[in-house]
Structures are given as C-alpha cells and as structure tokens.
Amino acid sequence: MNTDSLVEQARARFDHHAAKKLIAEKYQSKMFFAYNGGMWQAGPELQLTLLSCPDQTAVLLDCYGNPVKVNKQELMILSQQLWQEQMNAWLLEYTKNCQQR
C-alpha cells in the first residue's frame, strides 16, 4: 500500500465522522417544539415521563426549567409525531451519507 491511498482513506473516514456529527446536530435541533407556553424536546425521555404520569393533566418542567401544566395525551402525540418524522429524515440522510463513502 502506498501512503497516498492511506491518506485518502483516513480523510474519507474523518469526513464521514464529521458528517455524521453534523447530521446528528441538525436533527437533534429539530426535535424542539412549543406547546402550551413551554418549550419541549421530542424524544424517549419526554415520552417516558408522560407515560409515568398517572393523571390526564400533569405539571412538567419544560426545557428551560419552567413548570407548565400540560394535557398528557396531546403532548405525547405531538412528541411522537415530531420524533418519528425527524428520525425517519435522519435515517435517510445518514444512509445516503454512508453510501457516498
């Protein structure tokens, strides 16, 4: 193996990791949404918190630490929809990036 091919492989690997990190940051920032005067981040943590609440309404801390009274079912639906939309888009972009490697 010559050094040129090794350098090229190293650059491709580095570029792949940088692109992977950039894609992750892009889609994680799209997980935020507003509901009932609070700012929320869609994801498993929010959904598990909502599932653990026994009543239909609950007071939860939003992303900024503000207590907000929410309808558990409405917030769960919004969170699940946004989470799935963004994860599907993230997967498509990630697989496209892997194929270019």
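Since every read-out is calculated from the coordinates, none of them should be taken as a lab result. None of these values were measured; they are calculated from a predicted model. Glycine gets a Cβ as well: all are built from the backbone with ideal geometry, and neighbour counts include every protein chain shown.
Structure above, values below:
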{"quantity": "Listed residues Leu75, Leu22, Leu50, most fluctuating in the chain (Gaussian network, C-alpha, under 10 Å)", "calculated": "Leu22"}
{"quantity": "Lys30-Val59 FRET efficiency (beta carbon distance; Förster radius 30 Å; 0.05 resolution)", "calculated": "0.70"}
{"quantity": "Cys98-His16 pseudo-label distance in nm [points 7 Å out on the Cα-to-Cβ vector]", "calculated": "1.0 nm"}
{"quantity": "Karplus 3J(HN,Hα) series, Hz, for the stretch 65-70 with 6.51 cos²θ - 1.76 cosθ + 1.60 (x for Gly, Pro)", "calculated": "x, 8, x, 9, 7, 10"}
{"quantity": "Cα Rg, Dmax (largest Cα-Cα span) when computed across the chain, Å", "calculated": "19.4, 66"}
{"quantity": "Length released on extending from Met87 to Ile23, taking residue separation times 0.36 nm less the Cα-Cα span", "calculated": "21.9 nm"}
{"quantity": "MRE, 222 nm, helices only [DSSP H, n ≥ 4, -39500 (n - 2.57), over the chain, to nearest 500]", "calculated": "-22500 deg cm²/dmol"}
{"quantity": "For the stretch 18-100: relative contact order, % (alpha-carbon pairs under 8 angstrom, 6 or more apart)", "calculated": "33 percent"}
{"quantity": "Gain on full stretching of the segment that runs from Gln47 to Ile77 - 0.36 nm per residue minus C-alpha separation", "calculated": "9.9 nm"}
{"quantity": "Amide proton proximity set for Met39, modelled H, under 5 Å, gap of 5+", "calculated": "Cys63, Tyr64"}
